[in-house]
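See structure below.
The values are calculated or read from the model by the stated rules, or taken from the named source; none is laboratory data. Computed from a predicted model, the values in this text were never measured in an experiment. We place every Cβ from the backbone using ideal geometry, glycine too, and count neighbours over all the protein chains shown. The accessibility values were calculated without ligands, DNA or RNA, using every heavy atom of the protein model including side chains. Shrake-Rupley method; radii C 1.70, N 1.55, O 1.52, S 1.80 Å.
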Amino acid sequence: MSDAVTICECFARDGLQHEPEPVPTATKIALLNSFARTGFRRIEATSYSHPARVPGFSDASEVLAGIDRSPGVAFKATCPNPRAVERALADLEAGHGAEELSLLVSATEAHTERNLRTTRAGQWERVTEMVKLADGRFRLVGVVSVAFGCPFEGKVDPGRVAEDVARFADLGASLVTLGDTTGVATPGSVRALYTRLSRENPELPLVAHLHNTRGTGIANAVAALEAGCRHFDSAMGGVGGHPAKIGYGAGLTGNVCTEDLASLFAAMGVDTGLDLDQLAAASAACEEALGRPLYSMVARAGFASA
């Protein structure tokens, strides 16, 4: 197993969806360009969520049209329903589409109803339709939310998560993300689930999408790494969580801090492909964009030396 990982920077989508006030389109574009300069090869750019439910992404097409494109850099957009994929296809036809689409399911009925306004069976029907609509024109990323525990139903059966991962694999997903949506995972539960799923799906790359709600995000990332995971989602400053108008969970709901994760991996000798000077500059720009200090320890203390 190679000591190299891919970190997908999620500030512009999962990070910003928790913000009560929209960030200007030009600011988003500037930040996304800075992420590409930092060396991120996968960047979550926006979401095709319904503008009435998540107004912060009503400029999805404008953002994708405005960013600089570089060889080897894939921008990702989240698609909760078939209408979202139709919008993604329209942008692709216009010459400024995303390279990747995230397709969402939740591991519990209650979270599916709250987050996606349907049932699990209904969402899987939507996902199947979305895959057909996409017609092989995007790299598809399956996402299983609340994979480690649900704010409404509690403990989640790992077998159900395994079934969801297998369904995404059968539908042709290139990667599948396990979301610790409200930060209830522990190193033990992360290590066990990634070990099991890697054994059951040896050719399918898994992504660790971890939230730091209870301060265990970095420890859980190391556990995923030790279990063979080589793809991680994170967000500058540790921002993010559920959309601002859809409340659940408690405390700081944000993602693992990119700065802290990259610093730890670098100190461990794990190659992220990121320029740490550019990363520090991008981190500062994210704080300026939101007008407040964010949650990265490294932003205050500096990067650790290997």
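Values computed for the structure shown
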quantity: Subset of the range 24-74 (residues that are open to solvent by less than 50 Å² (accessible area, probe 1.4 Å) and in a loop (DSSP other than H, G, I, E, B)); calculated: 39, 40, 48, 49, 54, 59, 67, 73
quantity: Residue match in the range 180-188 (condition: assigned to a loop (DSSP other than H, G, I, E, B), open to solvent by less than 50 Å² (accessible area, probe 1.4 Å) and at pLDDT 95 or above); calculated: yes
quantity: Total residues in the range 240-267, condition modelled with pLDDT of 95 or more and assigned to a loop (DSSP other than H, G, I, E, B); calculated: 1
quantity: When residues of the range 75-122 are limited to those that are modelled with pLDDT of 95 or more and among the basic types (Lys, Arg), the one surrounded by the most Cβ atoms within 10 Å (Cβ to Cβ); calculated: 76
quantity: First in the range 284-306 and more than 25 Å from residue 271 (Cβ to Cβ) and in a helix (DSSP H, G or I), second anywhere and open to solvent by less than 60 Å² (accessible area, probe 1.4 Å) and of a type in the set (Lys, Arg), Cβ under 9 Å, 6 or more apart; calculated: 289/28
quantity: Residue tally, condition assigned to a loop (DSSP other than H, G, I, E, B) and in contact (Cβ under 8 Å) with a residue 40 or more places away in the chain, over the range 81-102; calculated: 4
